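To start, the structure under review is shown below, and the notes come after it.
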Amino acid sequence: MSLISIIFTALFYISLFIFIVGMGRKIRQFWITPVPLKIPIAPTPLTQTGAIFKMIREVTLFESLFRSNKWIWLFGFLFHFGLLLVLVRHLRYFIPGDLPEIFLLIQPFKYAAFAMIIGLAGLLVRRIFVPRIRYISAPSDYLMLLMLIVIGVSGAIMTFTSNHTDVMMVKAFASGLIVFDWTNLPTEINFLLHLFLVLVLLAIFPISKLLHVPGIFFSPTLNQVDNARKKRHISSWALKQEKENTVKLEQTIGKDE
């Protein structure tokens, strides 16, 4: 293997390790964070089934964002939907051996790159020109958007221009990472930039605002049932504390008697 291939192979495993460990820790943190109040966003379902369907609509259609701002919803939906199709299409590189015939049907997914780039450009323009959004934006917010745009543009250049990368070589390298059968990767600058930024994004994902991906499932404003009038809401940590206080009170009363 060439030196550049060894470096990128090592970067892949390092980035993947950071991503898995970081995401595991964050999801655990979300899981154990106390939720002392019932704070669902209206209109709120009255049953657990309704709450599940509401979460599904939120994840797939961005329902609350659609209600609040149609333009932001449009750019956000274009980006996320385009990214999903692009990721599905990229799965073909990581499957060892011959591809299933179903992958022939997803060839048009390559055009989703344009939806992804347009959505990102709209979100970047929003952060720059909308005063209230610019006021709460940190440098990292711009950096993440620019990084994603460069990833999308570099991928589109490799797909839709004469500056093609050897797809079979990319597949051999990517699938080799999965089965630990390492091979050389293409050395075109555009491809190396694309791959490097993807690995950087993978590594910083657990410490970035991109954590809204798993975080949305733990949002009490979205996953709670509006049954506060029928059932008292007590967090597990509060219930434990209440039991401890009850035991202490009973012990105190017993000593007094």
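Here, each number is a calculation from the coordinates, and none is a lab measurement. Bear in mind the structure is a predicted one, so any value in this text is a computation, not a measurement. Here the Cβ positions follow ideal geometry from the backbone for every residue, glycine too, while neighbour counts run over all protein chains shown.
General observations
- Taking the criterion of being without any contact (Cβ under 8 Å) to a residue 40 or more places away in the chain and small (G, A, S), the only residue of segment 16-41 that qualifies is G24.
- Test: residue in segment 135-149 that is surrounded by fewer than 18 Cβ atoms within 10 Å (Cβ to Cβ), outside any helix (DSSP H, G or I) and touching an Asp or Glu at 6+ places or on another chain (Cβ under 9 Å): no
- Residues within segment 85-125 that are more than 27 Å from D181 (Cα to Cα) and free of Cβ contacts under 8 Å to residues at least 24 places away in the same chain, tallied: 4
- From the options F218, F196, residue that is within 30 Å of G50 (Cβ to Cβ) and in contact (Cβ under 8 Å) with a residue 60 or more places away in the chain: F218
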